[in-house]
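Remarks on the structure that follows.
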Amino acid sequence: MYKPTLTNFADFIEKPKPVITKTKFQVQQDINWYLNVIIFLVILIGIYYLYQRFKYKKEREEETKQKLLDFDTYLNEYYINDMLNK
């Protein structure tokens, strides 16, 4: 006949992994690496923005000139109509 035995349930519990603490120097190195990556990305975004401004500079100048001409013609027509109505 089969005889029951007692089971040690401590064998089934997972043992916690040891916590590896970082030194102050290692933490500072991690922070410096992240800061370098962030600064690099900011510089890349700035370069892309300057490139876009340079690329569309002529178009913006032409658009501004056209708006000024339209405004000038509008004012001239307004003054001419105003003088004719008086």
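FYI, it's all coordinate maths here, none of it is from the lab. Nothing here was measured: the structure is a model prediction, and the numbers come from that model. Glycine also receives a Cβ, built like all others from the backbone with ideal geometry; neighbour counts cover every protein chain displayed.
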| query | Build a GNM of the chain with springs between Cα atoms under 10 Å: which of Asp11, Asp72, Asp30 gets the top mean-square fluctuation? | reply | Asp11
| task | Determine, for the chain, the count of lysine pairs separated by eight or more sequence positions (or lying on different chains) whose alpha-carbon distance falls under 28 Å. | result | 6
| query | Once the Cβ-Cβ distance between Lys17 and Val42 is put in as r, and R0 is 41 Å, what FRET efficiency do you end up with, to the nearest 0.05? | reply | 0.65
| Against the longest principal axis of the chain, how steep is helix 24-55, in degrees 0 to 90 to the nearest 10, with axes from Cα atoms? | 20 degrees
| Which length gain, in nm to one decimal place, applies between Tyr49 and Phe71 when the Cα-Cα distance is subtracted from 0.36 nm times their residue separation? | 4.9 nm
| task | Grab the eigenvalues of the alpha-carbon gyration tensor for the chain, scale each by 5, take roots, and send me the semi-axes largest first in whole angstrom. | result | 79, 24, 12
| note | For the chain, the longest principal axis of the Cα atoms and the Cα long axis of helix 57-85 enclose an angle in degrees, to the nearest 10, of 40 degrees
